[in-house]
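Here is the structure we will look at.
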Amino acid sequence: MNGLKVIETQDLTKVYGEEVAVDRLNININEGEVFGFLGPNGAGKTTTLLMLLGLSEPTSGKARVCGFDPTREPLQVKRLVGYLPENVGFYDDMNAVQNLLYISRLNGIPDDLAGIKIKELLKVVDLEVDPRKKVGEYSRGMRQRLGIAEVLIKDPQVVFLDEPTLGLDPDGSLQMLDLIRSLSQDKKITVFFSSHLLDQVQKISHRVGIMIKGQMVAVGRIEDLAKEKFGVGQEKYTLEEVYMKYFKEGLL
Amino acid sequence: MKGITTICRKELADHFSSTRFILLFYLILMVSLVTAFIVGSGLRDELKDVAKPTFVFLMLFTSPGKLFSLIQFIAIFGPLLGIVLGFDAVNRERSARTLSKLVSQPIYRDSVINGKFLAGLITISIMLVSIVLIISGLGLLLIGVVPGPEEISRLFIYLVISIFYIAFWLGISILFSVGFRSVATSALAAIACWIFFSFFVAMGASVMADAISPVDQARASLNPELLIKHEQTRKIISLVSPMTLYSEATTIILDPLRKTTQSILLMGPMERLSISRFQSPLPLSESVYIVFPHLISLMAITLVCFATSYTVFMRQEVRST
């Protein structure tokens, strides 16, 4: 972590009609960091991700991702950022390689290079591919791994993962966590992920942010947040306890 | 550009391998073959007593045979082809949750809809061109008349109009697929539209013309203006339907002996005489001139349809998946 800011936002706000989905968000995320993004359902996590990707236009405020403004230069941002939506979908009547090839073509990767990359990536995400098997027949865990492969095929600098371990079995989610950790450690990819499974977040995140009702109520290392809430010397509190404390205060 | 070609390629592959497309293609192919065969074998008898038949080749497409002519068939069932190709273009991706993934790739957002429209257009063109070629080939075998350059150019114009006509229905169905979340709703809406414009507008037109400018027999014989007015009202209303636009345009283009889209004409005795004495075909440029407004309107409604779906799609929020 050399302190380079990969994601910066300044009072980023999104309003849907009357409802404020994201309220003056300010975050800075460093290169190679694993940032856990927490919050109850409907807190505005996905909206934030979409704004950072340039898929949704902020009502006010600014964001910079890898030095680009997602609203004005969405293509540059999308070239460097991989996004795995919650419950990602695939073209179910194609097999895994065809799905990956389509995504790599959309990224402008020449087919011969893509072939090599796809082979590598399937090994990285540990997905054995039977070419006769369509993606529609894949299990939840296989789909999630294929999703990660699709995200990685463009050699991203940043990946946004929306609930990457949702619905995976314990073994599958452990593998997923290992994969996320190795992305950050070995490839220096910044990982920005949202999750409800707090013990998992605690295992792999360098820092976490807690968002409640569109407002970022806390950002920092888990120990620091524990210190802030429970006093000096209380760093042993788990993320779950810290989160619940913030959550209850946030609802008041 | 890269995005459009990639998406277009994938959509084309999807179209050509989808069952519904293959079914529909065989249906249309079969009907065209049968019509061509019936017309081709009937033509010999029809032309037996004609001294110097002209534009025989075009009659393959316009002569009604026993049931209907090929151009009537395309006019009625061509829209279905457009609808089948487009009704789930966008909302299928939405319900399969691939749309948010697709638009988060480094492509312009409009590439998605442009690529899909383009793929539909290419499919339609390939289909129509092959149908016309097959019928032409069969016609050559059956009637042994070689088409002249004018007939070929008339056929070409016919193809262009038909492609635009079906593209209009493709545009409508893509519009519904952008607007409606559910695939079934958009399919039903598109089919309802097709039934309304193809069958009800024609029926409704005469009813409304009766209401707006009524004709009773006694007065009509004294004042033919009434009849004309009634006819004009009916025509204006029926022109709302793209099918009317299309059938009128194509009959004029493919039948050089027809000189107007009007069905009732006021003629003096001299005009009537000259028409019966000098039954000469219109040159191609004149035929085109007559249907020019039709062509422009067809293209305009196609573009309006596409432009609407384009804007709606560009403004839609991605997250509502």
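Only the coordinates and a few stated rules stand behind these numbers; no lab work does. Computed from a predicted model, the values in this text were never measured in an experiment. No Cβ is skipped: glycine too gets one built from the backbone with ideal geometry, and neighbour counts run over all protein chains shown.
Against the longest principal axis of chain B, how steep is helix B:284-315, in degrees 0 to 90 to the nearest 10, with axes from Cα atoms?
20 degrees
Which one of A:Phe193, A:Phe37, A:Phe90 has the biggest mean-square fluctuation once chain A is modelled by GNM with Cα springs under 10 Å?
The residue that fluctuates most here is A:Phe90.
Based on the Cβ-Cβ distance from A:Glu228 to A:Leu251, what FRET efficiency comes out when R0 is 22 Å, to the nearest 0.05?
0.75
What number, rounded to the nearest 500 deg cm²/dmol, is the helix-based mean residue ellipticity at 222 nm of chain A, given -39500 (n - 2.57) per DSSP H run of at least four residues and division by all its residues?
Result for chain A: -12000 deg cm²/dmol, rounded to the nearest 500.
Please order B:Glu248, A:Glu86 by the number of other Cβ within 10 Å, starting at the fewest.
Lowest to highest Cβ neighbour count: A:Glu86, B:Glu248.
Using only Cα atoms and rounding to the nearest 10 degrees, what angle (0 to 90) does helix A:111-124 make with the longest principal axis of chain A?
Helix A:111-124 sits roughly 60 degrees off the main axis of chain A.
Where in the range B:236-250 does the amide nitrogen come within less than 16 Å of the point 7 Å from the Cα of B:Val215, taken along Cα to Cβ?
B:236-238
Roughly how many debye, to the nearest 20, is the charge dipole of chain B about its Cα centre, given +1 on each Lys and Arg Cβ, -1 on each Asp and Glu Cβ, and no other charges?
880 debye
Rounded to the nearest 0.05, what FRET efficiency do B:Met299 and A:Asn41 give with R0 = 56 Å and r taken as the Cβ-Cβ distance? Could you check?
0.70
Using only C-alpha positions, report the orientation-averaged shadow area of the convex hull of chain B, nm², one decimal.
19.5 nm²
Arranged by the count of other C-beta atoms within 10 angstrom, fewest first, what order do B:Ser63, B:Ser177 take?
In order of increasing Cβ crowding within 10 Å: B:Ser63, B:Ser177.
Towards the positive end of the charge dipole of the range B:2-315, with charges on Cβ (+1 Lys, Arg; -1 Asp, Glu), say which of B:Leu142, B:Ile126, B:Ile252 has the farthest Cα.
My answer, from the dipole projection, is B:Ile126.
Among A:Glu18, A:Glu73, A:Glu228, determine the one that fluctuates most according to a GNM of chain A built with springs between C-alpha atoms less than 10 Å apart.
Among A:Glu18, A:Glu73, A:Glu228, the largest GNM mean-square fluctuation belongs to A:Glu18.
Would you mind getting me the FRET efficiency between A:Val15 and A:Val97? Use the beta-carbon distance for r and R0 = 35 Å, nearest 0.05.
Result of the calculation: an efficiency of 0.25.
Which is farthest toward the positive dipole end of the protein assembly as shown among B:Ile191, B:Leu155, B:Met1, measuring Cα position about the Cα centre, with Cβ charges +1 (Lys, Arg) and -1 (Asp, Glu)?
B:Leu155
What list do you get for B:Ile38, B:Ile143 if you sort them by fewest beta carbons within 10 Å?
Result, fewest neighbours first: B:Ile38, B:Ile143.
Per residue of chain B, what 222 nm ellipticity follows from adding -39500 (n - 2.57) for every DSSP H run with n ≥ 4, rounded to the nearest 500?
Rounded to the nearest 500, it is -25500 deg cm²/dmol.
Only Cα pairs under 8 Å and at least 6 apart count here; give the relative contact order of chain A as a rounded whole percent.
Averaging sequence separation for qualifying contacts and normalising by length gives 24 percent for chain A.
Dipole size in debye (nearest 20) for the range A:172-252 around its Cα centre, Lys and Arg Cβ +1, Asp and Glu Cβ -1?
Magnitude of the dipole: close to 160 debye.
Which whole-number percent of Cα pairs in the range B:119-231 have a distance greater than 25 Å?
Every Cα pair in the range B:119-231 considered, those over 25 Å come to 55 percent.
So if I place +1 on the C-beta of Lys and Arg and -1 on the C-beta of Asp and Glu, and nothing else carries charge, what would the dipole magnitude of the protein assembly as shown be about its Cα centre? I want it in debye, nearest 20.
About 420 debye.
Angle check, please: helix B:149-179 long axis (alpha carbons) against the longest principal axis of chain B (alpha carbons), in degrees 0 to 90, nearest 10.
40 degrees
With chain A treated as a Gaussian network of Cα nodes joined by springs under 10 Å, which of A:Gly167, A:Gly233, A:Gly115 yields the largest mean-square fluctuation?
For chain A, modelled as a Gaussian network with Cα springs under 10 Å, the answer is A:Gly233.
Would you be so kind as to identify which of B:Gly86, B:Leu47, B:Ser100 lies farthest towards the positive end of the dipole of the range B:1-107, taking Lys and Arg as +1 and Asp and Glu as -1 on Cβ and the Cα centre as origin?
Of the options given, the answer is B:Ser100.
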